[in-house]
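The structure appears below as structure tokens.
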Amino acid sequence: MLAVLLAAMLMAAAFPVVATGSVSAQSAPLGEEFQITFEEHSQNQIEFWGDTVVYADHVNGQPQVWGFDLGGNSPFPVSTSTGTQNNASVYGDIIVHMKKAMVWEESDDQWEDVGDIWGFDRTTGENFPICTDIGEQGNPFIWGSKVAWVDHRNTDDPLDGIWYQSDIFVYDLETEELVSFDASPTLSGYHAPVLYEDKLLIKVEDDWSLGGNGRLLIADLTTMETEVIPESEVEEYYYQDSPNLWGDYVVWQQYNYVDGWDIKVCDLTTMETEVICDTGAGGGVDVWENFVVWADDRNDSTDIFMWDIDTSTETTICANESEQGRPRIDNGTVVWVDERNADLMEIDNADIYGMYIAPQTAEFAGDDRYSTAVTASRKAFGDGADTVVIATGENWPDALAASGLAGAVEGPVLLVRSDSVPAVVVTELQRLGAMNAYLIGGDAAISAGVEADLNTLLGGEVTRIGGDDRYQTAGLVSEEAVSLLGAGFGGTAILASGVTSADAVASSALSAGLGMPLYLTPTDVLRADVKAMMETAGVTDLYIVGGPAVVTDGVKTAADAAFGTVERLSGDDRYETAIAIAEEGVALGLTWDGVGFAKGTDFPDALAGGVVQGKNGSVLLLTPSDSLNPLVKAALEDHSPEIGLVRFYGGDSAISQAVRDAIFDAVEQL
């Protein structure tokens, strides 16, 4: 199917030339490039896995390691201490990188900055050492629980390192087993390790002064046996660069001083190698499934191209008069380093750009509702938040208005039990660096003990907002949101049923993203106190979400008499109502790209997801756990050209794989 998508894009002339300007990762349909980093200093040395890009960020001229979560559309710091930090690699929630440390070298009577290997756990926000042995280590790569790196401890000069005397060490984070592939006794340097499952790819460079050569080795980590990759052996004046590995394919660049760079691919099942391009630029090559991406200088500048191994089809990803390089591909997405803004601003600058070549999916899920909300927070608020909104994870009425307040404070919604703060939430509050919190609901929803614990943990201000019932609580929460929004409040609010939760959570993206406070109403009467609270807040216009069965026409008539424009957004059921809300949200400035899905029969995942959707300017739809509503499917098909990213809130028990597949199939239609 991906090949069909690419063919359709080519016919639509989506790729040949980069469009003027750029969009963010949040509003990028298939085949349209987007800008990931925007800092006025360079970001480079990128690696990519899943929906996470990691890179070296040269803030103040000092390389630091940062990451960017495409699913949450958020940057996050990895290692920002003093000293050089770079060469990052990512797998799941673990990032590995090299960090320099000062070591005294007796033989030279001076301090040396020597590389160590460190890890970073996104779930805790903590760095941890992997290898701090005396000796230069660098170029780490992670796959699963295994980390490989270049190690100079066995060389004649461990602190400075010798290029043709280096080994590859592999450490298992789970079993703590350390193994090595030793090259230094043979005056060969082992470099550029790449892992995939139980395979290890190694670039070998001998001592050229002794007539050595270079080659690529593929190693089996279960047997520790190695084999030379065919047509990778080179002699003097030839060398390979940027080897990469995915599945049964090895790719690399091979250079000679006569013809320049070739891009080569070896199929490990047949051990046959082919040249797919002879105009490479030496700027990097990568492979995912049957697609190869590389930097190419056939034009006046270095551009990004892609090759489909199955169809022998070439596609231009980015052709721009500025320089592009180091492309990486995974999960249907290509990312690369791009210097176009350096040329425009006449500064030393490189940014990271990307393109979806297939619909990208991002899952926000944990072991339970509390950890799912934490995952949403971690992915969307990677660089922290000063203030958070705390709601009960046990009952929905008091929690429904939390999304609008979270949008106003620019922080996440986190869930707690009525009598305790889950440990995973404590860890996330610490990672966020949060100082302040709003507690939604009275003591029955969130106990005084939880409030005291949060006061101790945060050290700032913990403010409880609770009324006599759900209607007053929602009104008070919205009052605070309006106060915080100030001039950002445009006078439009949302009125939803306080008897059922589905329509209220379906509107949470509008509430959080468009600054629309949410009020609750009984089914058949607009309470005087709710009406008064809306009037006091300055509500002029109103969306009623849900049909007459949940909010009667009598309530709408009363609202019509009190406010300006009152519009009902509804369908035959909660799923169709969510579509109507989404369509209106897009008309008001939200996007279909990044559309989120949450289970329609429970509130917690949708509550946390609505904040993420609103923060990123996208819409939220509801789905049954085990089937996709036909009208939801039709809406996705209608808007598929606008969608490059889909988010899922909750694991397989909330949204089954069958539903995910059906959503993906609908979005794939072109």
The range 433-577 - percent of accessible surface contributed by carbon and sulfur, probe 1.4 Å: 49
Cβ-based charge dipole, the range 523-614, positive-most Cα from 590, 579, 525: 525
For the range 306-404, size of Cβ-based charge dipole, Lys and Arg +1, Asp and Glu -1, in debye: 380
Charge dipole (debye, nearest 20) of the chain; +1 at Cβ of Lys and Arg, -1 at Cβ of Asp and Glu: 3080
Rounded FRET efficiency, nearest 0.05, which uses the C-beta distance separating residue 82 from residue 298 and R0 of 56 Å: 0.85
In degrees, nearest ten, helix 2-11 long axis to first principal axis of the chain (Cα): 90
Full-extension gain in nm, residue 483 to residue 310, via 0.36 nm per residue minus C-alpha separation: 56.5 nm
Whichever lysines have a C-alpha closer than 19 Å to that of residue 556, once near sequence neighbours (fewer than 8 apart) are set aside: 531
Whether the range 576-644 is rounded, prolate or oblate, judged on the alpha carbon gyration tensor where a/c under 1.5 counts as rounded: oblate
Gyration tensor (alpha-carbon) shape descriptor, the range 468-510, a/c threshold 1.5: oblate
Chymotrypsin sites (Phe, Trp or Tyr not before Pro), loop per DSSP, at most 11 other Cβ atoms within 10 Å - longest free stretch of the chain: 258-670
Where 146, 615 fall by accessible area, highest first, once all protein chains stay in place (1.4 Å): 615, 146
Charge dipole (debye, nearest 20) of the range 629-670; +1 at Cβ of Lys and Arg, -1 at Cβ of Asp and Glu: 160
Cα-based shape type of the range 407-485, given that a ≥ b ≥ c are square roots of the gyration tensor eigenvalues and the cut on a/c is 1.5: oblate
Sites residue 225 and residue 665, calculated FRET efficiency, Cβ-Cβ separation with R0 45 Å, nearest 0.05: 0.60
Heavy atoms of residue 552: accessible area, 1.4 Å probe, square angstrom to 10: 30
Estimated vicinal HN-Hα couplings, Hz - the range 273-290 in sequence order (Karplus 6.51, -1.76, 1.60; Gly, Pro = x): 10, 9, 8, 9, 7, 10, 10, x, 10, x, x, x, 8, 8, 9, 8, 6, 10
Positive-end residue, the range 372-473 charge dipole about Cα centroid, Cβ charges, pick of 382, 441, 412: 382
Within the range 452-521, GluC sites (Glu not before Pro) in DSSP loop having at most 14 other beta-carbon neighbours inside 10 Å: 461
The range 520-559 - percent relative contact order, Cα under 8 Å, separation 6 or more: 59
The chain: calculated mean residue ellipticity at 222 nm from DSSP helix runs of at least 4, using -39500 (n - 2.57): -6500 deg cm²/dmol
Under 19 Å from residue 599, Cα to Cα: lysines that are on another chain or at least 8 residues apart: 633
Accessible area per residue, Å², the chain with all protein chains present, probe 1.4 Å: 37
GluC sites (Glu not before Pro) restricted to the range 290-369 and DSSP loop, no more than 16 other C-beta within 10 Å: 321, 346
Computed FRET value (nearest 0.05) for residue 182 with residue 625, which takes r as the C-beta separation and R₀ as 45 Å: 0.30
18 Å Cα-Cα reach of residue 199 towards lysines, excluding residues that sit fewer than 8 places from it in its own chain: 146
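The values are calculated or read from the model by the stated rules, or taken from the named source; none is laboratory data. It should be emphasised that the depicted structure is a prediction, and the values quoted were computed from it without experimental measurement. Positions of Cβ are backbone-derived with ideal geometry, glycine not excepted, and every protein chain shown enters the neighbour counts. Heavy atoms of the whole protein, side chains included, go into the accessibility calculation; ligands, DNA and RNA do not. Shrake-Rupley method; radii C 1.70, N 1.55, O 1.52, S 1.80 Å.
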